[in-house]
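Comments concern the structure below.
The values are calculated or read from the model by the stated rules, or taken from the named source; none is laboratory data. The shown structure was predicted, so the numbers you read here are calculated from the model rather than taken from an experiment. Cβ atoms come from the backbone with ideal geometry, glycine included; neighbour counts cover every protein chain shown.
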């Protein structure tokens, strides 16, 4: 089924392009003697240029000073895509109605009528309704960029574990994930978020991967900001799939390796301890808990498996309570639960909740759920938990609709 997803997506995209073109052409008919109205020609040129620029950046990489251009193009692509899908729905319904009308006249009425009147014609009214309806999600996406991109939600939850050492009863930590420094275009909200996190006076801060989008240099303008994060036990971090430079066309393997070395140095420069398939032991009053951090390990959509949980787990066998930082939540069902039942709590990110969805008291929906079983918030199987952070930053579409950026405070209790 998964192998058919790309074909389905391409077919859906092609249909959206076709119906949007038909809709625009219907509302702007060609003048006498011309094949297309100038507005239609302008739309086609604009649409093609968006594709050319977007895929050029994806294929050849993006320089730091081109970030605003790429972000703008990506935003416009997302807005148009949503509009095209809405128009596709309306215009396809119109075509189906025409087909039903044609079949009715052909089978139950006069073939002559059927040949003279091939059914219900496309109407300007339907095209106007389609575009007006498409404007609703488009304006929602614009709102998501202007208002919600930095609208951090401070979530708090308490988890109880019977095997938590008494000395760690009440242990509080902050989880942040998916910062994606390469996407930021503002710094003031980041400064305020760091100040708020520091005011929470947590025991430790845990970052679960994707500091950058593609290259280490993306983090340079923000090192000073994030180096000010403070907690009693400091900041522990691990890697996500975007941190390796896998989505950049490097000239040589040495260049890619050097980029990753600079990435790891960035963590050190900020005072963060990067856990690369290793563990960090915390001790209080002679009692211990283990925080395990592995490199990215994904089991969905061909994301890389760099993590080595067997190496990271070594030395923690006798420690009664364990927290695992693993960027990709698909790791939990694929390896953590079946092979490591002594890992009590897994912390992940990666999905961003698709940056789009609905979260209310009664409804929790996002396209993420079609790919990830655990995609946002807390999940439990037996005595094991996973918490999937919705992400601090954004990627691609520079905003959030429904699924807002998150900073999470988790308190551990014995019980």
Item to check | Single residue of region 379-392 satisfying the filter (part of a loop (DSSP other than H, G, I, E, B) and more than 11 Å from the chain's Cα centre (by Cα)) that is nearest to residue 193 (Cα to Cα) | outcome: 383
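Yes/no matrix, rows are residues, columns are (1) over 27 Å from residue 410 (Cβ atoms); (2) surrounded by fewer than 19 Cβ atoms within 10 Å (Cβ to Cβ); (3) not assigned by TED's automatic domain parsing to the domain that holds residue 324:
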site: 218; (1), (2), (3): yes, no, no
site: 252; (1), (2), (3): yes, yes, no
site: 262; (1), (2), (3): yes, yes, no
site: 271; (1), (2), (3): no, yes, no
Checklist outcome for this item: Filtering region 235-245 down to residues that are in contact with a helix residue (DSSP H, G or I) (Cβ under 8 Å, 6 or more places away or on another chain) and either free of Cβ contacts under 8 Å to residues at least 40 places away in the same chain or outside the structural domain of residue 312 (by TED's automatic domain parsing) (or both) yields 245
Next on the checklist: I'd like to check something: does region 123-144 contain any residue that is within 30 Å of residue 288 (Cα to Cα), touching a strand residue (DSSP E or B) at 6+ places or on another chain (Cβ under 7 Å) and either assigned by TED's automatic domain parsing to the domain that holds residue 205 or at pLDDT 85 or above (or both)?
Outcome noted: no
Checklist outcome for this item: With the first residue restricted to region 209-234 and required to be on the phi > 0 side of the Ramachandran plot and touching a residue at least 60 places away in the same chain (Cβ under 8 Å), and the second required to be surrounded by fewer than 17 Cβ atoms within 10 Å (Cβ to Cβ) and in a loop (DSSP other than H, G, I, E, B), Cβ contacts under 9 Å at 6 or more apart or on different chains are 210/395
Checklist entry - Does residue 405 satisfy the criteria of being surrounded by fewer than 23 Cβ atoms within 10 Å (Cβ to Cβ), closer than 28 Å to residue 147 by Cα and within 16 Å of the chain's Cα centre (by Cα)? => result no
Checklist entry - If residue 344 passes every condition in (1) touching a helix residue (DSSP H, G or I) at 6+ places or on another chain (Cβ under 6 Å); (2) within 19 Å of residue 204 (Cα to Cα) but one, which one does it miss? => result (1)
Item to check | Single residue of region 310-342 satisfying the filter (farther than 14 Å from residue 386 by Cβ and crowded, with 18+ Cβ neighbours inside 10 Å) that is farthest from the chain's Cα centre (by Cα) | outcome: 319
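Is it the case, given these coordinates, that residue 193 is closer than 23 Å to residue 278 by Cα, surrounded by fewer than 22 Cβ atoms within 10 Å (Cβ to Cβ) and assigned by TED's automatic domain parsing to the domain that holds residue 280? Can you show your working first?
Numbers: closer than 23 Å to residue 278 by Cα: no; surrounded by fewer than 22 Cβ atoms within 10 Å (Cβ to Cβ): yes; assigned by TED's automatic domain parsing to the domain that holds residue 280: yes.
No.
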Checklist entry - Taking residue 129, is it assigned to a helix (DSSP H, G or I), on the phi < 0 side of the Ramachandran plot, surrounded by fewer than 22 Cβ atoms within 10 Å (Cβ to Cβ) and under 17 Å from the mean Cα position of the chain (by Cα)? => result no
Checklist outcome for this item: Over region 350-363, the set of residues at pLDDT 95 or above and on the phi < 0 side of the Ramachandran plot is 351
Checklist entry - Got at least one residue in region 393-400 being assigned to a loop (DSSP other than H, G, I, E, B) and farther than 19 Å from residue 138 by Cα? => result yes
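Would you mind finding the one in 293, 286 that is in contact with a helix residue (DSSP H, G or I) (Cβ under 9 Å, 6 or more places away or on another chain) and farther than 24 Å from residue 390 by Cα?
Numbers: 293 fails: farther than 24 Å from residue 390 by Cα.
The conditions single out 286.
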Checklist entry - Does region 343-389 hold any residues that are under 24 Å from residue 312 (Cβ atoms) and surrounded by fewer than 16 Cβ atoms within 10 Å (Cβ to Cβ), and which are they? => result 373, 378, 380, 381, 382, 383
Checklist entry - Does any residue of region 40-60 turn out to be assigned to a loop (DSSP other than H, G, I, E, B) and either assigned by TED's automatic domain parsing to the domain that holds residue 92 or at pLDDT 85 or above (or both)? => result no
Checklist outcome for this item: Of the residues in region 343-375 that are closer than 16 Å to residue 209 by Cβ and part of a loop (DSSP other than H, G, I, E, B), the one that is nearest to the chain's Cα centre (by Cα) is 351
Checklist entry - Which pairs have Cβ atoms under 6 Å, sit 6 or more apart or on different chains, and link a residue in region 277-292 that is assigned to a loop (DSSP other than H, G, I, E, B) to one that is modelled with pLDDT of 95 or more and surrounded by fewer than 18 Cβ atoms within 10 Å (Cβ to Cβ)? => result 277/308; 277/311; 285/167
Checklist entry - Restricting attention to region 291-309, does a residue exist that is more than 21 Å from the chain's Cα centre (by Cα) and surrounded by fewer than 19 Cβ atoms within 10 Å (Cβ to Cβ)? => result yes
